[in-house]
There are 2 protein chains.
Amino acid sequence: MTTSHQIILLAHGSSDPRWCETFEQLAAPTLSSVQHSAIAYMELAEPSLDTIISAGKANGTLNYTIVPLFLAAGRHLRKDVPAMIEQLESEHGVHIKLADPIGKNPQLGDAIRDVVLQELADTGS
Amino acid sequence: MTTSHQIILLAHGSSDPRWCETFEQLAAPTLSSVQHSAIAYMELAEPSLDTIISAGKANGTLNYTIVPLFLAAGRHLRKDVPAMIEQLESEHGVHIKLADPIGKNPQLGDAIRDVVLQELADTGS
């Protein structure tokens, strides 16, 4: 069976397994709710974007949306990732959409407020 | 009137004003819900932690909780920020608690799932 579209949650990546573990936990609710979704790392950890897209292409998936697990867009999202996408599209013959970093979404600001209110409740302030 | 306790949302900081603008938007729901709260930048942007704590100390605030607007703890949160805190505590005679990065909180993973489901609805998949 082919899948028409896949979501890729893209984290920065690190050689520190604790870093990757945090992102795997952050991705877990998405991976269990969205059937065709995966996590990938920009650098320093596996699976890479190339690994995920090679596997998807082998299953016939031609369309991908990358949702960056970044709070804001810096050099990586403005330059490095678009360059990687251009190369992956050309190499695999797929179409890849780069979504806004998650921090551009108002739901993240609300979640941060809830975290702070919880922190205040815990410290009894 | 003195304030017993202040929340500081700590972002990385950047010389790119678009970066800081994203974090100001992320902080906005917290700043409007939590009376004694402020945003500060670790580097490359103002206000710094020192600016916020100097002003707080002048108002008699001796206790601070730093909530890092970071998804995961890397070198900055494991080494650089604790070193800054030690110096600020010694210099200003205050107590500073470093909370977990926001990404360690399950509410963030749920918010990411909601962002992805919205993204899927927008692309009609």
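In table form, for the structure just shown:
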quantity	calculated
Highest to lowest packing among A:17-24, A:57-64, scored as the average C-beta count within 10 Å	A:17-24, A:57-64
Inter-copy label distances at B:ALA28 (7 Å, Cα→Cβ; nm, one decimal)	3.2
Nearest 10 degrees, 0 to 90: helix B:106-123 Cα axis against chain B principal axis	40
Difference of contour (0.36 nm per residue) and Cα-Cα distance, A:GLU21 to A:ARG75	17.1 nm
Paramagnetic label zone (point 7 Å from Cα along Cα-to-C-beta, A:ALA28; backbone N under 19 Å) in the stretch A:63-100	A:69
A:GLU89 paired with B:LYS97, simple spin-label distance in nm, labels 7 Å along Cα-to-beta-carbon	4.8
Table column - 3J(HN,Hα) (Hz), the stretch B:25-31, Karplus curve with 6.51, -1.76, 1.60, x for Gly and Pro	5, 5, 7, 3, x, 5, 4
Candidate lysines - alpha carbon under 24 Å from A:LYS79, same-chain residues fewer than 8 apart omitted	A:LYS97, A:LYS104
For the stretch B:72-85, 3J(HN,Hα) per residue [Karplus equation, 6.51 cos²θ - 1.76 cosθ + 1.60, θ = phi - 60°, Hz, x = Gly/Pro]	9, 8, x, 4, 4, 7, 8, 10, 5, 5, x, 5, 5, 4
Length-normalised contact order for chain B - Cα pairs under 8 Å, 6+ apart - percent	27
Rounded tilt (10° steps) of B:49-58 against the dominant C-alpha axis of chain B	50
Inter-probe distance in nm under a simple model that places probes 7 Å from Cα toward Cβ, at B:GLN107 and B:SER54	3.2
Debye-sum result for the protein assembly as shown in log10 I(q)/I(0), which assumes one identical scatterer on each alpha carbon, at q = 0.13 Å⁻¹	-0.81
Between the stretch A:39-58 and the stretch A:9-38, the alpha-carbon center distance in angstrom	12
Per-residue average of Cβ from other chains inside 10 Å of B:10-22	3
Shape of the stretch A:1-41, Cα gyration tensor, a/c cut at 1.5	prolate
Residue and distance (whole Å) for the chain A Cβ nearest the axis that superposes A on B	A:ALA111, 2
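Readers should treat all values here as calculations from the given coordinates under stated rules, not as data from a laboratory. Computed from a predicted model, the values in this text were never measured in an experiment. Here Cβ is always computed from backbone atoms with ideal geometry, including for glycine, and neighbour counts include all displayed protein chains.
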